[in-house]
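The next block holds one structure in the form of structure tokens; read it before the comments.
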Amino acid sequence: MNSRIEEMNRFSIVGVKKRVNTKQAFDSIPTIWAQASEQGLFDQLFEIGSFDHKVRGLLGVCSGGNFGKNEEFDYILAIASNQEPSEGMVKMDFPDSTWIVFEVPGPPALQEAWDYFYSDWIPNSPYELANLPAIECYLPIEENKNELWIPISNKE
């Protein structure tokens, strides 16, 4: 699996936040995306997006779940943006940070990258999870890939 380390300066995302039960996430999140499509959310996000940012495409931001250890987490369907959120949306600011980025070929199916991260990459690396949300980047279909951005820091 292709991966790279990225150093990122501060950035922000804007989107719609939903509370998700961790055990039901694989059923709940596709429903969130389907509803967003029906409600025209993608067009709203594209209007405010920062398209020259490294974190790009439509984003699925997993926040507050302690990397699957909590019963629930916040899922923010978002886009990188410097604009203030409109009514019903939220803004999340990220500090300067380090990320491991996994490129996943094909249509949206990032579970393989998550599995690889936990089973092989993190146990054999000089890094540990950082206390920031993870970001799933759903790139334009013509790129035939997506990316999983997981925040990391040096092991102490």
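Taken together, the values in this text are just the output of simple stated rules run on the coordinates, not laboratory data. Predicted, not measured: the structure shown is a model, and the values here were computed from it. Quick reminder, even Gly has a Cβ in these numbers, built from the backbone with ideal geometry, and neighbours come from all protein chains shown.
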Any pair with Cβ under 6 angstrom, 6 or more apart, that starts in the range 8-23 at a residue that is farther than 14 Å from ASN66 by Cβ and ends at one that is of a type in the set (Asp, Glu) and surrounded by fewer than 11 Cβ atoms within 10 Å (Cβ to Cβ): ASN9/ASP96; ARG10/ASP96; SER12/ASP93
Within the range 51-151, strands (runs of 3 or more DSSP E) holding 2 or more residues that are more than 25 Å from GLU7 (Cβ to Cβ) and among the hydrophobic types (A, V, I, L, M, F, W, C): 72-80
Answer from ILE135, ILE100, ILE79 - the residue that is within 12 Å of ILE13 (Cβ to Cβ), touching a helix residue (DSSP H, G or I) at 6+ places or on another chain (Cβ under 9 Å) and either in contact (Cβ under 8 Å) with a residue 60 or more places away in the chain or charged (D, E, K, R) (or both): ILE79
Matching residues in the range 1-20 - criterion: being more than 17 Å from the chain's Cα centre (by Cα) and surrounded by 13 or more Cβ atoms within 10 Å (Cβ to Cβ): MET1
Residue that is within 16 Å of ILE150 (Cα to Cα) and surrounded by fewer than 16 Cβ atoms within 10 Å (Cβ to Cβ), where the choices are ASP27, ASP43, ASP96: ASP96
